[in-house]
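A short worksheet on the structure shown next.
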Amino acid sequence: MKYVISGLTALTLSFSAAAASLPEQLISCDAHFFSTLYAQRQALKNTLPLKQDKHHHAWFVRASENNDISWFTQPITSGKLTLTGWFQRESDLGEMGKYYFWGFVTEQSPAQVIAAMPQTDWKKSGEDYVYQPMIMRVGDKAWKNNANEASGIAPAKDSAEKLAMLGKSEGKTTLLCSVQGNVSGELLNALRPDLAGNK
């Protein structure tokens with residue numbers, strides 16, 4: 001489907017000078033992002049349907065389980081970026097692990113996204129950029145820096161990896177979080193309250 005944003009008025013979200021924009025909140029790749037959506041839920045309610053839980057998290061409800069991208073009915077301006085859609089994908093590849101992706105779609109180029117987030121130290125990885133790659137091995141109590149992150153290589157069987165990713169998908173720029181590998185239910189629930197079984 002071709003998506004045209006001309007003629008639509010963008011929804012501008014207001015944040016205090018010290019507060020991070022939605023994209024900046026997203027790339028922490030944890031549940032705090034969903035708390036931010038909850039705090040902004042009234043402003044966001046006309047972009048895509050929202051659900052919420054009793055723990056003050058909110059999340060976008062994608063338009064179709066068969067499509068990775070759900071287009072906002074009204075683009076969102078947050079910080080210096082205009083967000084036009086929500087991206088969400090889950091895959092279970094058996095022995096290769098589980099893969100989860102979530103984040104925003106924008107019409108702006110990756111270079112423009114990088115320029116709009118000057119405090120973020122993006123690193124080139126293959127055709128994409130990555131930020132803050134982390135790893136958690138079985139038995140670890142916390143995430144650790146992952147200096148050995150490599151694009152296109154599955155995580156080791158005893159580990160999970162998470163990172164923010166900036167690249168292109170279906171001709172659009174995507175700003176995403178990913179957690180992949182040995183992702184337990186407990187670990188997933190801590191990062192993705194929208195996928196938690198107990199809402």
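The values are calculated or read from the model by the stated rules, or taken from the named source; none is laboratory data. Just so we're clear, the structure is a prediction, and the values are computed from it rather than from any experiment. For neighbour counting, all protein chains shown are included, and Cβ atoms are generated from backbone atoms with ideal geometry for every residue, glycine included.
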Criterion violated by Gly167 - all others in (1) within 14 Å of Leu26 (Cβ to Cβ); (2) within 14 Å of the chain's Cα centre (by Cα) satisfied = (1)
note = Among residues of the range 70-100 being under 22 Å from Leu195 (Cβ atoms) and in contact with an Asp or Glu (Cβ under 8 Å, 6 or more places away or on another chain), the residue surrounded by the fewest Cβ atoms within 10 Å (Cβ to Cβ) is Arg89
note = By residue number, the members of the range 39-69 that are surrounded by 18 or more Cβ atoms within 10 Å (Cβ to Cβ) and more than 24 Å from Lys172 (Cα to Cα) are Gln40, His57, Ala58
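Against the definition (assigned to a loop (DSSP other than H, G, I, E, B), out of contact with any Ser or Thr (no Cβ under 6 Å at 6 or more places or on another chain) and at pLDDT below 90), how does Ala20 come out, yes or no?
Values: assigned to a loop (DSSP other than H, G, I, E, B): yes; out of contact with any Ser or Thr (no Cβ under 6 Å at 6 or more places or on another chain): yes; at pLDDT below 90: yes.
So Ala20 passes the test.
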ask   = Does the range 142-183 hold any residues that are surrounded by fewer than 22 Cβ atoms within 10 Å (Cβ to Cβ), among the polar types (S, T, N, Q), modelled with pLDDT of 90 or more and part of a strand (DSSP E or B), and which are they?
value = Asn145, Ser159, Thr173, Ser178, Gln180
Output for the range 114-141, where each listed residue is touching a Ser or Thr at 6+ places or on another chain (Cβ under 6 Å) and not in a strand (DSSP E or B) = Gly126
request  = Give the residue that is farthest from Pro49 (Cα to Cα), with candidates limited to residues of the range 64-94 that are part of a strand (DSSP E or B) and in contact with a helix residue (DSSP H, G or I) (Cβ under 8 Å, 6 or more places away or on another chain).
outcome  = Leu81
request  = Might you check whether a residue that is among the acidic types (Asp, Glu) and modelled with pLDDT under 90 occurs anywhere in the range 187-198?
outcome  = no
